[in-house]
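Written out below as structure tokens is the structure these notes cover.
The values are calculated or read from the model by the stated rules, or taken from the named source; none is laboratory data. This is a predicted model, so every value here is computed, not measured. In this analysis, Cβ positions are derived from the backbone assuming ideal geometry, glycine residues included, and neighbour counts consider all displayed protein chains. Just so you know, the surface numbers come from the protein's heavy atoms only, side chains and all, with ligands and any DNA or RNA stripped out. Shrake-Rupley method; radii C 1.70, N 1.55, O 1.52, S 1.80 Å.
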Amino acid sequence: MRELNNEIRMPRIFISNRRGENIFNIPTNLIYIIESEKITTDYDYKFHDIMNNFLFYEHYFIISDIGDEFSASASKIMGKLYGEKSTGIFIYPFSFEGGNRINNADSFLSQVGSYFPRYFIFRNDHIFRVFPNIPMRSIPRVKATIMDTLVVNLSESLDLNDIVSLGKGELGFGISTNERMDLLHESLKEAMDSPWIKGDHPNMLIIFNGNITQDDVSRVKDMIKFKNFRIKINRKDKGRTIYIIIVSHN
């Protein structure tokens with residue numbers, strides 16, 4: 001989360017049971033009280049007052065480490081308040097973490113549909129499939145960069161109708177960036193091969209974001225391996241960088 005605080009380039013608020021810069025601090029016991037809705041405290045009102053500063057947005061991304069019990073509880077609260085106008089991005093623990101963190105994540109995911117109509121699961125283990133030789137110390141920054149890229153490009157490229165058209169349930173994603181138009185084929189293949197794309201999803205939304213034209217996309221369209229897909233081009237001046245984002249959905 002500290003890395004995300006450094007990477008995310010959008011209006012944001014961080015909720016944690018640890019104090020820090022740009023963090024809305026809530027003690028662990030109080031997040032459970034707010035979640036339970038059995039007791040109303042001054043902290044409930046404070047929480048609502050702060051969150052109300054963000055109510056003028058049409059859509060939210062809720063990013064949470066669901067292996068952490070506090071974060072899972074905070075996510076449920078955010079889902080109750082803003083779930084219908086939100087997309088979740090939930091970080092699932094590495095398999096080697098085991099124990100309570102895996103149990104917390106599985107417990108949350110068994111209920112997630114009650115809180116969020118659509119959500120991504122960022123499975124940490126997949127990082128090693130994309131970056132097999134990554135040093136452990138680099139993982140937090142890489143995760144933060146991936147999530148920042150996903151959130152920023154979806155926000156820039158999609159409107160509410162696009163998001164609603166993704167339906168309900170778990171979404172998958174693939175990401176690639178490219179600064180050379182002659183390597184657009186390779187970038188598209190990289191995004192299509194993402195381990196975070198759900199293999200059982202029948203539909204794909206492929207987004208090209210950057211200084212790219214319909215003609216540019218037409219030259220690589222034939223290599224798209226998915227049966228059911230639609231393409232959205234968001235022509236935007238982002239220098240030489242082209243972003244390809246694939247969202248898999250039911």
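Does E69 satisfy the criteria of being within 30 Å of G99 (Cβ to Cβ), open to solvent by 50 Å² or more (accessible area, probe 1.4 Å) and not hydrophobic (A, V, I, L, M, F, W, C)? Answer is yes for this residue.
Selection of first residues in region 14-40 that are of a type in the set (F, W, Y) and of second residues that are assigned to a loop (DSSP other than H, G, I, E, B) and surrounded by fewer than 11 Cβ atoms within 10 Å (Cβ to Cβ), restricted to Cβ pairs under 8 Å at least 6 apart or on distinct chains, gives the following pairs, ordered by first then second residue: F14/N22.
Can you confirm whether I34 is touching an Asp or Glu at 6+ places or on another chain (Cβ under 8 Å), on the phi < 0 side of the Ramachandran plot and assigned to a helix (DSSP H, G or I)? Judged against the criteria, I34 is a match.
Checking each residue in region 32-47 for being closer than 24 Å to F108 by Cα and β-branched (V, I, T) picks out I33, I34, I39, T40. For region 81-98, what are the residues that are part of a strand (DSSP E or B) and either more than 18 Å from G167 (Cβ to Cβ) or of a type in the set (A, V, I, L, M, F, W, C) (or both)? If the condition is that a residue be part of a strand (DSSP E or B) and either more than 18 Å from G167 (Cβ to Cβ) or of a type in the set (A, V, I, L, M, F, W, C) (or both), then I89, F90, I91, Y92 are the ones that fit.
Considering region 122-137, the residues that are under 16 Å from the mean Cα position of the chain (by Cα) and in contact (Cβ under 8 Å) with a residue 40 or more places away in the chain include one that is least open to solvent (accessible area, probe 1.4 Å), namely F122.
Inside region 136-189, can you point out the residues that are of a type in the set (K, R) and part of a helix (DSSP H, G or I)? Matches in region 136-189: R137, R141, K143, K189.
With respect to E21, determine if the residue is assigned to a loop (DSSP other than H, G, I, E, B), closer than 19 Å to K80 by Cβ and open to solvent by 50 Å² or more (accessible area, probe 1.4 Å). Answer is no for this residue.
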